1. Report, by residue number, each residue of region 22-38 that is closer than 21 Å to Tyr89 by Cα and either modelled with pLDDT of 95 or more or touching a Lys or Arg at 6+ places or on another chain (Cβ under 9 Å) (or both).
2. Are any of the residues in region 23-39 assigned to a loop (DSSP other than H, G, I, E, B) and aliphatic (A, V, I, L, M)?
3. Hey, among the residues in region 87-105 that are at pLDDT below 80 and assigned to a loop (DSSP other than H, G, I, E, B), which one's farthest from Phe53 (Cα to Cα)?
4. Quick one: in region 49-58, of everything that is crowded, with 18+ Cβ neighbours inside 10 Å and of a type outside the set (S, T, N, Q), which residue is farthest from Ser20 (Cα to Cα)?
Amino acid sequence: MERFDTMLKAAEFAATQCKSWSFATSSDRYDINGLLVLAKTCDSENPIDEDSFYVVSPAGAIGLCKDGEDIDWLFLTGSSEDEDLLASYQVDPQINFCPKCGSGVVSGARFCGKCGNRL
């Protein structure tokens with residue numbers, strides 16, 4: 001799941017995953033252009049606070065995570081019904097040092113650059 005600071009950035013990414021959405025609490029439907037216009041308006045009229053962020057599911061559903069807690073799913077895709085949408089956002093733990101040799105590792109690396117150990 002991807003994380004974004006603005007609704008527009010989330011909508012732009014979601015548009016690469018899906019082509020239409022429905023608003024979670026109504027039957028309103030949005031195509032790519034409609035979603036992008038709505039997202040831009042939302043960001044200018046009602047920006048989120050610094051502790052909140054938007055998330056986009058692998059299928060393109062868009063949710064708001066207030067204060068880094070539960071996800072409020074705002075826009076659902078046709079395949080969201082089949083997708084297991086998470087209730088909260090979990091941050092993957094960051095590994096800073098190789099557990100085998102103790103060498104510092106690059107953020108996001110899958111293997112240690114010194115000993116080759118899988119991280």
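The values are calculated or read from the model by the stated rules, or taken from the named source; none is laboratory data. Small disclaimer: the values here were computed from a predicted structure and weren't measured. FYI the Cβ positions are ideal-geometry reconstructions off the backbone, even for glycines, and counts take in every protein chain you see.
1. Of everything in region 22-38, just one residue is closer than 21 Å to Tyr89 by Cα and either modelled with pLDDT of 95 or more or touching a Lys or Arg at 6+ places or on another chain (Cβ under 9 Å) (or both), namely Phe23.
2. Taking region 23-39 as the starting set, the residues that turn out to be assigned to a loop (DSSP other than H, G, I, E, B) are 24-28.
Remaining after also requiring aliphatic (A, V, I, L, M): 24.
Yes, the conditions are met somewhere in region 23-39.
3. Pass one, region 87-105, residues at pLDDT below 80: 88-95.
Now narrow it down to the ones that are assigned to a loop (DSSP other than H, G, I, E, B): 89-95.
On the way: Tyr89: 10, Gln90: 13, Val91: 13, Asp92: 16, Pro93: 18, Gln94: 19, Ile95: 23 Å.
Applying the filter and picking the extreme gives Ile95.
4. Only one residue fits best here, namely Phe53.
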